[in-house]
Amino acid sequence: MPMSEYVRSIRERIGNDLLLLPAVTAVIRDGERFLLARGVDSAEWSLIGGGVEPGEQPAEALAREVYEETGAALRITAIVGVYGGEPLMVDYPNGDRAGYVTTAYECHVVGHPEPDGQEIAELGWFGREEIAALPRQGWIDQVIADAR
C-alpha cells in the first residue's frame with residue numbers, strides 16, 4: 001500500500017522506528033460469504049482496509065479505502081471489534097516497523113467491486129471453511145470469527 005503524506009512526514013523524522021497507526025477494516029458480507037482481497041505484492045488474502053488520515057472519521061476512512069481499492073461503495077451496519085497487538089505488527093521490506101490498531105466494521109457492498117490493480121490484484125467471496133484453507137493474514141481469523 002502506498003504511504004500517506006502524513007506517515008511519510010513522520011518517517012522523515014523517526015526513520016524506521018516503530019510507528020503505531022490507526023486503521024479500519026471492512027468485513028464485507030453477502031450472507032455467510034466474506035469478500036477478501038489479495039494484494040498485488042502478496043500471496044496472502046486479507047480483508048480490505050487501510051489507514052485513517054488526520055481529521056478523518058474512521059467510517060469515512062473505510063468508505064474511502066474500499067472505494068479507492070474496489071470502486072464500490074459501502075453500507076456499514078455494525079462494529080465487529082477493535083484489534084491490535086502482535087498480530088498487527090508489520091516489518092516492511094524497507095525496514096519500517098508499524099503496529100496497527102484497526103476498527104473492523106461489518107458492511108455490505110453497494111455496486112460491483114473490482115480490484116484496482118494497483119493495491120489489489122484479486123477479489124473473491126469465501127465461506128468460513130474456504131477461508132481457513134486459504135493462504136491469509138492470520139489476524140483476520142479472529143475478526144471473521146467475531147463477525148456474527
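Rounding to the nearest 10 and keeping the result within 0 to 90°, find how far the Cα-based axis of helix 5-14 lies from the longest principal axis of the chain. Once rounded, the angle reads 40 degrees.
Loop-located chymotrypsin sites (Phe, Trp or Tyr not before Pro) in the stretch 72-148 (DSSP state not H, G, I, E or B) with no more than 16 neighbouring Cβ atoms inside 10 Å do not occur. Give the Debye-formula value of log10 I(q)/I(0) at each listed q (0.11, 0.18 Å⁻¹), with one equal scatterer per alpha carbon of the chain, two decimals each. With one equal scatterer per Cα and no solvent, log10 I(q)/I(0) is -0.39, -1.11.
The packing ranking, built from the mean of other Cβ atoms within 10 Å per residue, places the peptides 106-117, 64-75 in the order 64-75, 106-117, highest first.
Tell me whether the stretch 58-145 comes out rounded, prolate or oblate; compute the Cα gyration tensor, take square roots of the eigenvalues as a ≥ b ≥ c, and use a/c under 1.5 as the rounded threshold.
Values: a/c = 1.32, a/b = 1.26, b/c = 1.04.
Rounded, since a/c falls under 1.5.
Say each of Ala121 and Val7 gets a label point 7 Å from the Cα, pointing the same way as Cα to Cβ; how far apart are those two points in nm? Rounded to a tenth, the inter-label distance reads 1.9 nm. Inter-label distance, Ile14 to Ile76: 2.4 nm, where each label sits 7 Å from its Cα along the C-beta direction.
When the helices of the chain are scored as -39500 (n - 2.57) per DSSP H run of n ≥ 4 and the total is divided over every residue, the value at 222 nm lands at -7000 deg cm²/dmol.
Kindly state, to the nearest 0.05, the FRET efficiency for Arg97 paired with Arg148, given R0 = 25 Å and r defined as their beta-carbon distance.
After rounding, the FRET efficiency stands at 0.15.
If you average the sequence gap of Cα pairs under 8 Å that are 6 or more apart and divide by the length of the chain, what percent do you get for the contact order? RCO, the chain: 33 percent. To the nearest 10 degrees, how steep is helix 58-70 against the longest Cα principal axis of the chain, on a 0 to 90 scale? That works out to roughly 70 degrees.
Every number here is computed from the coordinates shown, using simple stated rules; none is lab data. None of these values were measured; they are calculated from a predicted model. For neighbour counting, all protein chains shown are included, and Cβ atoms are generated from backbone atoms with ideal geometry for every residue, glycine included.
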